[in-house]
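A.B. asks: Handing you a structure now.
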Amino acid sequence: MRRKLVVANRKMNGSIPENKVFLKELIAGTEDFSNADFVVCFPHPYLGQAQDILTGTPIAWGGQNMSRYDHGPYTGSVSAKMLVEFGCQYVIIGHSERRGRGHDSDSSVGERFQVAVKAGLKPIFCMGETLEEFEQGLTDLVTIRQLNSLIQQVGIKSLTQGILAYEPVWAIGTGKAASPEHAQSILHFLRGYLILKDPEVGKHISILYGGSLNRGNAVDILSMPDIDGGLVGTASLNTEEFIEICQAANAFMVCDV
Ligand code: 13P
C-alpha cells in the first residue's frame, strides 16, 4: 500500500522562533489529515528542537544530508547515527543542490543510502536532470543512470527501504514546476523500469515529485497515479501554503497495490 507523503525540505532557512511557530501551526493544521504522511527536514542544528516539539505527533522529521562515514575526522559532517539520536526517521540524500556543487557523486550517494538504511533511517534519494539535459531530451537517460547506480550499489530489493524523488533541476526554486503530465510520465517510466526488474519493488516503492510544488499545482500533481507525494522547498517556508499542500495529499486515496 502506498500512502501519499509530503516532505518539507526547509533547506538553509528558519530560526528557533520561526521553527517553533511553523511546527505548532503545522501540527494544528494537519491534525485531521490522517490519509497522508508528513515529514519536515531541517538544517541539522534544529533537529533537537524538532524532536522536542514533534515527539508524540504524527509528523516525522529528518536531516537534509549525512556523511557516508560512521565517525572520524570529517569536519562539518554529521553521521547517520547522530541523526537517529535526534529522533530522525528520514534523511534526504543526493539532492541536486549538493550533487551540483560536487559534494555528492552517484557512488557516494549510493553509499549514503546503504549507511542510512543500516542506521534505521529512510533515505529520500533525489534524482533529476538539468535544464540542458531536459532540453536535449535526456531526462530518461539521466534519471535511469542515477537510479541504476543506486541499484548496482545497494541491490534492487533494498530500494523499498528508502524513498525515491524525481526533482528536475530546472524546476527547483524557479517557480516553473514540471507539468503534472510530464511528472507523471517520468514517474510512470521509472516505476515501469523498476517493475521490469522486480515487480514487487516497482509496485511498492514510493516515488515523490519535487520542484516548485505549490498551492496552485499541488492538487493536479499529487492526483497523478504514479506520484506518491511531494518534496517541497520554497512553499514549505509559508506555513499556510504548506498545509494546503498537505491537505491536497490527504485528499487522494491511498494506492492499494
Ligand atoms: P522548491 O520547492 O523550492 O522548488 O525546491 C524543491 C526542492 O529542492 C525540494 O528538495
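A.B. asks: Leaving out ligands, DNA and RNA, what percent of the accessible area of the range 149-249 is carbon and sulfur, probe 1.4 Å? Mind dumping the intermediate values first?
C.D. replies: On the way: 2020 of 3750 Å².
So the carbon and sulfur contribution to the accessible surface is 54 percent.
A.B. asks: Still on this model: If I stretch the segment between Asn13 and Leu131 completely, what's the gain in nm (0.36 nm per residue apart, minus their alpha carbon distance), one decimal?
C.D. replies: 40.0 nm
A.B. asks: A further question follows. Under Stokes-Einstein, with the Kirkwood radius over Cα pairs standing in for Rh, what whole-number D in µm²/s applies to the range 51-100 at 37 °C and 0.692 mPa s?
C.D. replies: Details: Rh = 12.0 Å.
Rounded to a whole number, D works out at 273 µm²/s.
A.B. asks: Hey, another quick one. Which residues among the range 1-27 fall inside the zone where the amide N is under 18 Å from a point 7 Å beyond the Cα of Lys203, along Cα→Cβ?
C.D. replies: Label zone hits: 1-4.
A.B. asks: Still on this structure, please answer the following. Report, to the nearest whole %, how much of the accessible area of the range 1-64 belongs to carbon and sulfur atoms, 1.4 Å probe, protein only. Mind dumping the intermediate values first?
C.D. replies: Details: 1570 of 2920 Å².
In the range 1-64, the share of accessible area belonging to carbon and sulfur is 54 percent.
A.B. asks: Let me see the P(r) profile for the range 1-132: every Cα-Cα distance counted, bins of 10 Å, each bin given as a percent of all pairs.
C.D. replies: 12, 42, 34, 12, 0
A.B. asks: What is the pair-distance distribution P(r) of the chain, computed from all Cα-Cα distances in 10 Å bins starting at 0, with each bin given as a whole percent?
C.D. replies: The percentages, shortest bin first, are 7, 33, 39, 19, 2.
A.B. asks: For the chain, set up a GNM with springs between Cα atoms under 10 Å and report which of Pro225, Pro17, Pro123 has the largest fluctuation.
C.D. replies: Among Pro225, Pro17, Pro123, the largest GNM mean-square fluctuation belongs to Pro17.
A.B. asks: Here is a further query. Which value, in Å² rounded to 10, gives the accessible area of Arg145 with a 1.4 Å probe and all protein chains present?
C.D. replies: About 120 Å², ignoring ligands and nucleic acids.
A.B. asks: Taking the range 1-63, which GluC sites (Glu not before Pro) meet the DSSP loop condition and have no more than 11 other C-beta atoms within 10 Å? List each step's numbers first, then the result.
C.D. replies: Working: sites: Glu18, Glu25, Glu31; in loops: Glu31.
Answer in residue order: Glu31.
A.B. asks: While we're here: If you wrap a convex hull around the Cα atoms of the range 175-257, how much volume per residue is inside, in Å³?
C.D. replies: On the way: hull volume 6.4 nm³, N = 83.
Here the figure is 77 Å³ per residue.
A.B. asks: To continue, here is another question. Cα atoms only, the range 99-250: Rg and Dmax in Å?
C.D. replies: 15.0, 41
A.B. asks: Can you work out the accessible area per residue across the chain, with the rest of the protein chains kept in place, probe 1.4 Å, in square angstrom?
C.D. replies: Working: 11560 Å² over 257 residues.
So the chain comes to 45 Å² accessible per residue, rounded to a whole number.
A.B. asks: Moving to a separate point now. Using DSSP, restrict attention to beta bridges with both residues in the chain and report what percent are antiparallel, rounded to the nearest 5. Spell out each step's value before the answer.
C.D. replies: Details: 1 of 29 bridges.
If we restrict to bridges inside the chain, about 5 percent are antiparallel.
A.B. asks: In whole angstrom, and with the biggest value first, how far do the Cα coordinates of the range 55-170 range along each principal axis?
C.D. replies: Taking the Cα atoms of the range 55-170, the three principal extents are 45, 35, 26 Å.
A.B. asks: Taking Cα centroids, how far is the range 133-154 from the range 207-226 in Å?
C.D. replies: For the range 133-154 versus the range 207-226, the Cα centre distance is 21 Å.
A.B. asks: Excluding same-chain residues fewer than 8 positions from Lys11, which lysines have a Cα within less than 17 Å of its Cα?
C.D. replies: Of all the lysines, those that pass the test against Lys11 - Cα under 17 Å, at least 8 places apart if same chain - are Lys20.
A.B. asks: What does a probe at Leu237 reach in the range 36-56, counting residues whose amide N is under 16 Å from the point 7 Å along Cα→Cβ?
C.D. replies: 41-43
A.B. asks: Let me ask you something else. Grab the DSSP H runs of the chain that are 4 residues or longer, score each as -39,500 (n - 2.57), total them, divide by all residues and round the 222 nm result to the nearest 500 deg cm²/dmol.
C.D. replies: Values: 11 runs with 108 residues, N = 257.
Taking each H run of at least 4 residues, the total per residue is -12500 deg cm²/dmol.
A.B. asks: If r is the Cβ-Cβ distance from Gln51 to Ser77 and R0 is 25 Å, what FRET efficiency results, to the nearest 0.05?
C.D. replies: On the way: r = 20 Å, r/R0 = 0.80.
Efficiency for this residue pair is about 0.80.
The values are calculated or read from the model by the stated rules, or taken from the named source; none is laboratory data. Please read these numbers as outputs of a predicted model, since none were measured by experiment. For neighbour counting, all protein chains shown are included, and Cβ atoms are generated from backbone atoms with ideal geometry for every residue, glycine included. Side chains are part of the model used for accessible areas, which takes the heavy atoms of the whole protein and leaves out ligands, DNA and RNA. Shrake-Rupley method; radii C 1.70, N 1.55, O 1.52, S 1.80 Å.
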